[in-house]
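S.K.: Take a look at this one; I'll ask things after.
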Amino acid sequence: MLKFYYSSFTCSTASHIALEESGLPYEAIEVSWKRNLNVEKLNQLNSLGAVPVLVTQKNEVITQNTAILEYIADQVPAKKLLASVGTAERSQTLSWVSFVASDLQKSYLPLFRAEAMTSSVGAQKEIEKFAEQSVRELLNHVDSALAKGGFIVGEHFTIADALLFVISGWAEWAEIDLAEYENLARYRKQIAERPAVEKILKLEDS
C-alpha cells in the first residue's frame with residue numbers, strides 16, 4: 001500500500017486529493033510541526049523536511065507535488081488524471097501543473113513572509129503590495145483560461161485541477177476576494193463539489 005505524508009491545508013492537499021480521486025489504496029499519515037506529529041519520520045524520508053512525500057509499495061520515496069501527482073496519475077490511466085505520453089493534452093496538463101507549482105504558488109510567499117525579509121515596516125508594505133499585484137495578475141491569467149468553462153485542460157478532471165484548486169484557494173489567506181474572478185469562482189465551486197475533494201477537505205479540517 002502507498003504511504004502518503006501530508007500536512008493539512010498545505011500544497012500537499014493537492015496530492016491528497018489526487019490520491020483519493022485515483023482510487024488507489026493508500027495510508028494517509030499526517031505531519032504536524034505544532035504537535036510534533038511524525039516530523040522525525042518525515043525528516044528521515046525527505047532531508048528538506050517538507051511535505052508531500054509518497055512512499056511506493058517498493059519503498060521508493062517520491063517528493064515534490066509535481067512528481068507525486070504525475071506518479072499517481074500514471075498508476076491509473078483509466079481515471080484520465082493525466083493523458084498518455086506523447087499527447088499534446090498531457091503536455092498542456094503538465095504545463096499547468098508547472099505554472100501553478102512555480103509561478104502561482106511562489107508568488108504568495110512575500111505576502112506571508114514579508115516580516116522575515118526585512119524589519120522595516122515600510123519595506124514590508126511595499127513587498128506585500130508588489131506581491132499582491134503579482135498574485136492578482138496570475139489569477140487573472142487563470143480566470144481567462146477558465147472562460148471556456150469546464151476544467152483547466154480538456155473534458156476531464158486532472159492532476160492540474162487538483163493543484164490549481166488548492167493553490168488558488170490560498171488567495172483567501174492573502175485577503176484577495178476570489179469572487180472578483182468570475183470564472184475561477186465558478187470553477188472552484190465545481191471542483192469543491194467533487195466527492196473526493198469534499199472528503200479530503202473534511203478530513204484535513206478534522
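The values are calculated or read from the model by the stated rules, or taken from the named source; none is laboratory data. Note that the coordinates shown come from a computational prediction; the quantities given were computed from them, not determined experimentally. Here the Cβ is made from the backbone with ideal geometry for all residues, glycine too, and neighbour counts use every protein chain on show. Remember, those area values only see protein heavy atoms, side chains included, never the ligands or the DNA or RNA. Shrake-Rupley method; radii C 1.70, N 1.55, O 1.52, S 1.80 Å.
Per-residue answers, yes or no, for (1) out of contact with any helix residue (DSSP H, G or I) (no Cβ under 7 Å at 6 or more places or on another chain); (2) open to solvent by 70 Å² or more (accessible area, probe 1.4 Å); (3) in contact (Cβ under 8 Å) with a residue 12 or more places away in the chain:
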residue	(1), (2), (3)
7	yes, no, yes
17	no, no, yes
20	no, no, yes
25	yes, yes, yes
31	no, no, yes
40	yes, yes, no
44	yes, yes, no
58	yes, yes, no
65	no, no, yes
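S.K.: I'd like the residue in the stretch 93-119 that is open to solvent by 30 Å² or more (accessible area, probe 1.4 Å), hydroxyl-bearing (Ser, Thr, Tyr) and at pLDDT 90 or above and, out of all such residues, is farthest from the chain's Cα centre (by Cα).
M.R.: Out of the qualifying residues, it is 119.
S.K.: Related question: Which of the residues spanning the stretch 72-92 are within 16 Å of residue 22 (Cβ to Cβ), touching a residue at least 24 places away in the same chain (Cβ under 8 Å), open to solvent by 20 Å² or more (accessible area, probe 1.4 Å) and in a helix (DSSP H, G or I)?
M.R.: 75, 79
S.K.: Six or more apart or on different chains, Cβ under 9 Å: which pairs go from a residue in the stretch 163-177 that's acidic (Asp, Glu) to one that's surrounded by fewer than 19 Cβ atoms within 10 Å (Cβ to Cβ)? Could you list them?
M.R.: Final answer for the pair search is 172/178; 175/132.
S.K.: Restricting attention to the stretch 147-169, and to residues there that are open to solvent by less than 30 Å² (accessible area, probe 1.4 Å) and among the small types (Gly, Ala, Ser), which single residue is farthest from the chain's Cα centre (by Cα)?
M.R.: Here the answer is 149.
S.K.: While we're on this one: In this structure, is residue 125 at pLDDT 95 or above, open to solvent by 40 Å² or more (accessible area, probe 1.4 Å), assigned to a helix (DSSP H, G or I) and not β-branched (Val, Ile, Thr)?
M.R.: Details: at pLDDT 95 or above: no; open to solvent by 40 Å² or more (accessible area, probe 1.4 Å): yes; assigned to a helix (DSSP H, G or I): yes; not β-branched (Val, Ile, Thr): yes.
So residue 125 does not fit the description; no.
S.K.: Is it fair to say residue 71 is at pLDDT 95 or above, touching a helix residue (DSSP H, G or I) at 6+ places or on another chain (Cβ under 8 Å) and of a type in the set (Phe, Trp, Tyr)?
M.R.: The answer is no for residue 71.
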